[in-house]
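Read through the structure below, which is laid out as structure tokens, and then see the notes.
The values are calculated or read from the model by the stated rules, or taken from the named source; none is laboratory data. Computed from a prediction, not measured in an experiment: that's the story for all the values here. Counting neighbours? That spans all protein chains shown, and the Cβs are built from the backbone with ideal geometry, glycine included. Remember, those area values only see protein heavy atoms, side chains included, never the ligands or the DNA or RNA. Shrake-Rupley method; radii C 1.70, N 1.55, O 1.52, S 1.80 Å.
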Amino acid sequence: MSLAWAEWLGLVCLIGLGISASGVAQTRSDSADEPITTRHTVSIHGEPLNYTAHAGYLSLLDEQGRLHGRMFFVSNTVDRRPSDPERPIMFVWNGGPGSNAALLQLGALGPKRIPDRGLNSPAPSGTNLVDNEDTWLKFADLVFVDPIYTGYSYAASADYQKEFLSDEGDADAMAEFIRLYLSHYQVQQPIFLVGESYGTYRAVGVTDILIRRKIPVKGIILLSTILNFETNPDLAHAFLLPSYAATAFAQKKLAGKLSLNLEQTIDEVREWSEGPYLTALTQGDRLLDRDKAAIADRLASYTGVSKDEWIKHNLRLSPDQYAVAVLGPGGAKYVGHYDTRMIGIMPGPDASYVVAQDPSLDNGEKARITSYLRSDLGWKSDMLYAGPFGGRWPSPATPNADWTAMLWNRSSSDRAGLIANSLHAESDLRIMIASGEFDLSTPFSAAEYSIDHLFLPASERARIKFIRYPGGHAAYIDHAVRTQFSHDAAEFVNSTR
């Protein structure tokens with residue numbers, strides 16, 4: 001029985017417990033695994049969609065019954081009758097590591113969203129939300145999950161915390177959460193996983209674990225994908241070049257035909273980056289001066305950064321260097337690493353880039369998530385709703401010591417191979433890989449290269465779909481992209497039936 005149908009049958013009981021059809025529960029418990037339940041309606045192009053929301057915890061216990069951690073989630077399930085078509089269920093998380101699910105919940109997939117803003121405008125102030133006409137609730141039930149050490153999720157002890165703050169422990173905990181959720185709520189719907197950024201790396205690992213536990217996964221949707229953290233330096237620069245060209249296009253630094261059509265420009269630059277540019281990089285100091293100058297000329301035309309600057313840096317510019325250089329002399333401004341259409345201001349002369357101050361990471365979800373949980377969903381907690389950049393009490397002894405990335409035990413394993421294993425083991429599995437073209441943190445060329453080099457049989461390769469959007473890391477912040485992303489996801493889900 002689906003969770004939504006069970007709650008539809010039990011509405012009278014819920015009202016008796018102090019839960020209104022559109023209101024908020026009166027009580028909650030931090031120590032129990034029974035969620036707070038509320039009922040809502042979202043308007044989608046004038047049509048009402050009724051759904052039930054749950055906010056709560058599931059506890060991770062070992063075989064001896066010892067509590068290791070508790071994972072917080074918010075679920076949205078559409079009310080339906082037994083005769084209605086089966087709906088898939090999506091487990092959704094963000095990346096970091098250390099990011100909670102708030103941005104995906106309030107920026108793209110959930111029934112409520114942050115109001116739109118213009119590029120280079122401050123993130124919308126206040127705590128108001130609007131109905132999300134692009135919500136994925138139209139075609140799937142949604143479960144937004146905060147990994148341990150994010151949101152309201154927490155480890156039961158400092159010793160147990162260490163096991164969650166690693167690539168393997170993180171994926172294993174999420175797989176166990178999904179097993180618990182399916183068991184606790186008696187869910188038998190087709191399972192989809194949705195991850196963004198580091199969450200894509202997590203999703204691939206979770207899929208592998210679930211399949212090995214005989215829990216079938218129908219589909220995976222990956223946005224801003226990263227499958228490994230150790231790439232040959234020359235390859236890494238070749239992967240970045242199409243994203244640099246997209247940035248130069250957005251910043252109006254290109255001339256002639258390169259300035260006319262973004263997709264054509266990206267395709268041209270990508271072909272050149274994987275050919276003459278990569279060949280030049282692999283030669284190192286064997287590259288003749290005249291050839292180096294010719295490569296630098298082409299780099300200047302594709303990226304909006306001068307020939308001399310490219311020669312100065314041996315034809316290699318890191319994202320930090322390029323983000324400043326593309327805006328010209330002075331170095332006081334930089335393009336956002338997560339959306340290169342946005343402009344940031346360096347904190348001072350000769351200062352270094354600080355990721356926590358990047359304007360392309362400020363989308364307004366931090367100001368809204370706790371208000372949404374308290375006011376709309378009835379989850380009243382004074383705990384810190386944690387993100388990747390610390391803020392915990394007591395303050396760390398050294399700056400940034402409580403940033404999740406500083407505490408993470410990175411295995412550096414390449415998970416691209418797990419995609420091949422999963423496709424082979426699960427014949428119904430489909431994968432959608434989406435990317436933003438104005439993103440320097442997870443360049444789309446890198447993910448496509450990883451898949452290209454799995455050398456999959458044609459029948460398995462046909463089950464992977466690539467999509468690029470004219471957006472940043474969180475591409476759905478753009479209204480048009482959000483609408484298209486929702487449409488593409490719905491089409492992807494329907495194609496798996």
- Item | Residue-by-residue Karplus 3J(HN,Hα) for the range 356-371, coefficients 6.51, -1.76, 1.60, Hz, glycine and proline x | 5, 9, 5, x, 7, 9, 9, 10, x, 6, 4, 6, 10, 5, 5, 5
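Whenever you get a sec, line up Ile311, Ile451 from highest to lowest accessible area (probe 1.4 Å, protein heavy atoms).
On the way: Ile311 60, Ile451 0 Å².
Reading off the accessible areas and sorting them downward yields Ile311, Ile451.
Full-extension gain between Ile343 and Met383, please, as 0.36 nm times their residue separation minus the C-alpha to C-alpha distance.
Working: separation 40, 0.36 × 40 = 14.40 nm, distance 3.31 nm.
Full-extension gain reported as 11.1 nm.
Before rounding to the nearest 500, sum -39500 (n - 2.57) across all DSSP H runs of length at least 4 in the chain and divide by the residue total; then give [θ] at 222 nm in deg cm²/dmol. Don't skip to the end; give the middle numbers.
On the way: 17 runs with 166 residues, N = 497.
Computed ellipticity for the chain at 222 nm equals -9500 deg cm²/dmol.
Determine, from the Cβ-Cβ distance of Ala480 and Glu63 and an R0 of 56 Å, the FRET efficiency 1/(1 + (r/R0)^6), rounded to the nearest 0.05.
The calculated FRET efficiency here is 0.65.
Give Lys253/Lys465; Lys214/Lys465; Lys112/Lys366; Lys292/Lys312 a once-over and call out the pairs whose C-alpha atoms are over 21 Å from each other.
Numbers: Lys253/Lys465 31 Å; Lys214/Lys465 25 Å; Lys112/Lys366 14 Å; Lys292/Lys312 11 Å.
In this structure, Lys253/Lys465; Lys214/Lys465 lie more than 21 Å apart at Cα.
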- Taking the dipole of the range 195-314 about the Cα centre (Lys, Arg +1; Asp, Glu -1; charges at Cβ), the one of Tyr201, Leu281, Ala248 that reaches farthest to the positive side is Tyr201
- Query: Expressed as a rounded percentage, what relative contact order does the range 327-401 have, with Cα pairs under 8 Å and six or more residues apart?
  - Reply: 17
- Message: So I have [x] 28.1; [y] 31.2; [z] 23.8, and one of them is Kirkwood radius over Cα pairs in Å calculated from this model. Which one is it?
- Response: [z]
- Note on the structure: Whole-percent carbon and sulfur contribution to the accessible surface of the chain (1.4 Å, no ligands, DNA or RNA) stands at 52
- Gyration tensor on Cα atoms of the range 353-427, a ≥ b ≥ c root eigenvalues, a/c under 1.5 rounded, else prolate if a/b beats b/c, else oblate, says oblate
- Task: Take Asp285, Asp159 and sort them by solvent-accessible surface of the protein heavy atoms, 1.4 Å probe, largest at the top.
- Result: Asp285, Asp159
- Message: Please give me, ordered by residue number, the trypsin sites (Lys or Arg not before Pro) of the range 250-306 that lie in loop per DSSP and have at most 13 other Cβ atoms within 10 Å.
- Response: Lys252
- Among beta bridges that DSSP assigns inside the chain, antiparallel share in %, nearest 5: 55
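How large is the dipole of the chain about the Cα centre if only Lys and Arg carry +1 and Asp and Glu carry -1, each at its Cβ, rounded to the nearest 20 debye?
Details: 45 positive and 58 negative charges, 105 e Å.
I would put it at about 500 debye.
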- Once both axes come from the Cα atoms, what is the angle between helix 416-425 and the longest principal axis of the chain, in degrees from 0 to 90, rounded to 10? 50
- Message: Could you work out how much longer the chain between Ser318 and Arg290 gets when fully extended? Use 0.36 nm per residue separation minus the Cα distance between them, nm to one decimal.
- Response: 7.7 nm
- Distance between modelled label sites at Arg213 and Ser183, nm, 7 Å Cα→Cβ extension: 0.8
